[in-house]
Amino acid sequence: MTGKFVRGYIDGSLSTLGILVGASSASAPVIVAAAVGGTLANGVSNLLSAYSAEGIELYKDLRRTENAMVAKELKGSLPERRVSRLTVRMGLVDGLATIIGGGILVLPYLFLPSFQAMLVAVGLVLVSISSIGVYLGKLSKRNMLLSAIKMALYCIVVAGLVYLIQMLIVSGQR
């Protein structure tokens, strides 16, 4: 489940950061509305896609087990109920982690001017994603600092590219 949470959190953080940076030339209420809408849509999408994808894999495994058994019917059995609960749990973890990862980034916009809030949001993603990099480095017994730097670079690349695209689009409209 930790992997599902990390995947959802990173997805929510980076995709919402893209929305926040991409909308940075708009007013704060528009930025917040875009970020909240994008975060919720992404969270529900991840919930449904994780639920569906995990369900496909787990039910395929259950059908293989069923085919290998003499008594073929596992419908309503304990293994099938476990698969059902697990797919729901995995979907919820992934979807809620996405919403948490994105939702945190909206908070600075409630208290700070838009540009400062964007900088704080980038900082929040840098810190949280780098921390995940340290954790992944520790788990994989690789260089934790290098793992953290790689994760931070993903954040910087996303924010930088989206900001450049936003600037090109906004300057092209003038």
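The values are calculated or read from the model by the stated rules, or taken from the named source; none is laboratory data. Note that the coordinates shown come from a computational prediction; the quantities given were computed from them, not determined experimentally. Note: ideal-geometry Cβ built from the backbone for every residue, glycine included; neighbour counts use all protein chains shown.
Details
- Within segment 110-120, if we keep just the residues that are part of a helix (DSSP H, G or I) and touching a residue at least 40 places away in the same chain (Cβ under 8 Å), the residue that is nearest to residue 162 (Cα to Cα) turns out to be 118.
- In summary, residue 70 fulfils each of the numbered conditions (1) surrounded by 12 or more Cβ atoms within 10 Å (Cβ to Cβ); (2) β-branched (Val, Ile, Thr); (3) at pLDDT below 90 with the single exception of condition (1).
- As a summary of the residue check, residue 123 satisfies the conditions (1) surrounded by 14 or more Cβ atoms within 10 Å (Cβ to Cβ); (2) within 17 Å of residue 16 (Cβ to Cβ) except for the one numbered (1).
- The lone exception for residue 173 - which of (1) over 14 Å from residue 19 (Cα atoms); (2) at pLDDT 90 or above; (3) loosely packed, with under 14 Cβ neighbours inside 10 Å it fails: (2)
- Scope segment 121-158; condition among the polar types (S, T, N, Q) and either under 10 Å from residue 13 (Cβ atoms) or assigned to a helix (DSSP H, G or I) (or both); matching residues: 128, 130, 131, 140, 147
- Residue 56 meets each of the listed conditions (1) out of contact with any Phe, Trp or Tyr (no Cβ under 6 Å at 6 or more places or on another chain); (2) of a type in the set (A, V, I, L, M); (3) surrounded by 21 or more Cβ atoms within 10 Å (Cβ to Cβ) apart from (3).
- Residue tally, condition surrounded by fewer than 21 Cβ atoms within 10 Å (Cβ to Cβ) and either at pLDDT below 90 or within 13 Å of the chain's Cα centre (by Cα) (or both), over segment 94-113: 4
- Checked against (1) touching a helix residue (DSSP H, G or I) at 6+ places or on another chain (Cβ under 7 Å); (2) farther than 16 Å from residue 6 by Cα; (3) of a type outside the set (S, T, N, Q), residue 137 passes all but a single condition, namely (2).
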